[in-house]
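*Asks:* First the structure, then my questions, so here it is.
Just so it is clear, none of the values below were taken in a lab; they were calculated from the coordinates. These numbers come from a predicted model, not from an experiment. Glycine also receives a Cβ, built like all others from the backbone with ideal geometry; neighbour counts cover every protein chain displayed.
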Amino acid sequence: MNPAAGRGGIRAKLPRLLDTFAARGMTQVYQTSGPGDEETLAHRALEAGATTIVAVGGDGTCGRIADAILQSRSECRLAAVPVGTGNDFAKTLGVADHEPEQIAELVARGRENRIDVGWADGHYFLNSCGFGFDASVLEATKRIHFLRGNSVYIYAALRQLFSYRGIEVGVSRVPGVKRGPMLMITVSNGRYLGGAFKIAPHATVTDGTLDACFFSDSNIVERVRLFVGAMRGTHLKMPSVASARVQELTLDFANTPSMEMDGELRVGKSKTMELRCVPLALAVIAAPGALS
């Protein structure tokens, strides 16, 4: 559990949530006390023999736990109780609108599915890895304290539209995409980004590929059109956008890039970034039909 998820809005819900899972025999609880604790606690749970870990938090919490499971080469399953800001991974699992009782019942039944994951810069990711505008928006959300939910990302993105300068990127292993100034690159496993944006509307987490989207930099008018299109999932038809399904790709930046990975801000280890899909690597608990 991440008590800071959703900007702390989960705290009032914790007693009911814990009672719900305890009633079904799930009583071992680990609670983070600061950023990055998820990996340590997940490894502790795995060492104790956990066969399912329920992530109570947002995309960052889910992503860090998944990374720990995969780095450990464990067959442990991952479930999610969405109490974060965007909850993109929970949308993929079909549980974004589920009550805790419904999710607890899914976990108790134990029916699992397997999904693809992405890999970049030494870490696994569940939903997305983004560069440029995406990372800049995520950084800007840290300074917004008066909003919650999807509105945080929408507000931050609107403000960044008028000030963000873009990045210079070279792309390898993707035909037709060359080095040049770009507004943003997103490499997606799931369909959603920032809660409100259908950034990869045709993505699926079971096809063995990642959906890469390349946004050429442009003027303010075109940026606003891209913003609206990304919310509707119609941006792929725009001339300033190129997309491709890839098993792997390489990005070369002028400087060491910041990146968004499952809703968390990271800094790359080098100017060259290799990304790839790892097919059906993770067992998850999902709502019936969500992954079909």
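*Asks:* Could you list the chymotrypsin sites (Phe, Trp or Tyr not before Pro) in region 149-182 that lie in coil according to DSSP, counting only those with at most 10 other Cβ atoms within 10 Å of their Cβ?
*Replies:* Phe162
*Asks:* Could you work out the relative contact order of region 128-278, using alpha carbon pairs under 8 angstrom and six or more residues apart, expressed as a whole percent?
*Replies:* Numbers: 296 pairs, mean separation 41.5, N = 151.
For region 128-278, the relative contact order is 27 percent.
*Asks:* Another question, if that's okay. With labels modelled as points extended 7 Å from the Cα through the Cβ direction, what inter-label distance (nm, one decimal) is found for Val267 paired with Ala290?
*Replies:* 3.5
*Asks:* Starting from the amide H of Ala281, placed 1.01 Å from N in the peptide plane, find each other amide H under 5 Å away whose residue is 5 or more places distant or on another chain.
*Replies:* Those qualifying (amide H under 5 Å, at least 5 residues apart or on another chain) are Ile115, Asp116, Val117.
*Asks:* Using a 7 Å offset from the Cα along the Cα-to-Cβ direction at both Lys178 and Ser163, what is the distance between the two label points in nm, to one decimal?
*Replies:* 3.4
*Asks:* Angle, helix 100-109 long axis vs. longest principal axis of the chain, Cα atoms, 0 to 90°, nearest 10?
*Replies:* Between helix and principal axis, roughly 70 degrees.
*Asks:* A further question follows. Identify all lysines with a Cα-Cα distance to Lys91 below 21 Å; exclude those on the same chain that are fewer than 8 residues away in sequence.
*Replies:* Qualifying lysines at Cα under 21 Å: Lys13, Lys198.
*Asks:* May I pose another question? Say the dipole of region 5-116 comes from +1 at the beta carbon of Lys and Arg and -1 at that of Asp and Glu; which of His98, Gly86, Phe21 then lies farthest toward its positive end?
*Replies:* Checked the options; the winner is Phe21.
*Asks:* Normalised by the number of residues in the chain, what is the relative contact order in percent for Cα pairs under 8 Å and 6+ residues apart?
*Replies:* Here the relative contact order equals 22 percent.
*Asks:* Please list, ordered by chain and number, the residues whose modelled amide H lies under 5 Å from the amide H of Ala79; skip anything fewer than 5 residues away on the same chain.
*Replies:* Amide H neighbours of Ala79, under 5 Å, 5+ apart: Ile53, Val54, Ala55, Ile285.
*Asks:* Using θ = phi - 60° and the Karplus form 6.51 cos²θ - 1.76 cosθ + 1.60, what ³J(HN,Hα) does each residue of region 85-90 get, whole Hz, x for Gly and Pro?
*Replies:* Calculated HN-Hα couplings, in order: 8, x, 6, 5, 5, 4 Hz.
*Asks:* Let me ask you something else. Compute the helix-to-body angle for 59-71: its Cα long axis versus the longest principal axis of the chain, expressed 0 to 90° and rounded to tens.
*Replies:* Value to nearest ten degrees: 80.
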